[in-house]
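Contents: one structure, followed by commentary.
The values are calculated or read from the model by the stated rules, or taken from the named source; none is laboratory data. Remember, it's a predicted structure, so these values are computed and weren't measured experimentally. Ideal geometry is used to build each Cβ from the backbone, glycine not excepted, and the neighbour counts take in all protein chains shown.
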Amino acid sequence: MTVSHWLFRGLATLGLLALLAAQPAPGPDLARTLRASRWQHRLLLVGAPTASQADFQRQKALLAEAEEGLAARDFKVIEVLYDRLSPADRQCWTQQLGQPLAGFRVLFIGKDGGVKRTETQPLAPASLFGTVDKMPMRRQEMRGKK
């Protein structure tokens, strides 16, 4: 093979990699995540029509400042962007979780798999932590860590 052939193949591969990197990441497998997290993690699902939505960006900023508190309470934060959801995830969001595919939503799902809190405005971490810390399971966890 000639140098120009190798160069062409290398550029073509780089072009394909750049194209793949530019594609939006697939959304989460919500049903599987809900099942896998049960009794393991609390979930905070942050839903919005697109990643550029103002409330979505505000919620991300609030949560970025509270990483330690989220980790201490076994939270996994899942971004649910409606424009990136698979048909199965759309069905899970709308039917299983009962949420519309419009507007901003924050869902707090407990370790038991139940929806504990739903908000349509960004949720302050202190308010979320206040909700969690009142729950019997969390109180038991805190006693066990002493």
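Structure values in brief
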| quantity | calculated |
| --- | --- |
| Of all residues making up region 82-120, the number that are in a loop (DSSP other than H, G, I, E, B) and within 25 Å of Glu65 (Cα to Cα) | 5 |
| Every pair of residues 6+ apart whose Cβ atoms lie under 6 Å, when the first sits in region 111-140 and is at pLDDT below 90 while the second is of a type in the set (Lys, Arg) and part of a loop (DSSP other than H, G, I, E, B) | Val132/Arg73 |
| Leu123 vs. criteria closer than 20 Å to Leu62 by Cα, assigned to a loop (DSSP other than H, G, I, E, B) and out of contact with any Asp or Glu (no Cβ under 9 Å at 6 or more places or on another chain) | yes |
| Selection from region 76-93 of residues that are farther than 18 Å from Asp55 by Cβ, under 16 Å from the mean Cα position of the chain (by Cα) and not hydrophobic (A, V, I, L, M, F, W, C) | Lys76, Ser86, Asp89, Arg90 |
| Scan of region 49-75 for residues that are outside any helix (DSSP H, G or I), within 25 Å of Lys134 (Cα to Cα) and more than 13 Å from the chain's Cα centre (by Cα), ordered by number | Glu65, Ala66, Arg73, Asp74 |
| Any chance Gln40 is out of contact with any helix residue (DSSP H, G or I) (no Cβ under 7 Å at 6 or more places or on another chain), surrounded by fewer than 16 Cβ atoms within 10 Å (Cβ to Cβ), more than 13 Å from Phe108 (Cα to Cα) and at pLDDT below 95 | yes |
| Hits in region 60-102 - residues which are closer than 16 Å to Arg35 by Cα, exposed (fewer than 15 other Cβ atoms within 10 Å of the Cβ) and out of contact with any Asp or Glu (no Cβ under 9 Å at 6 or more places or on another chain) | Gln91, Gln95, Gln96 |
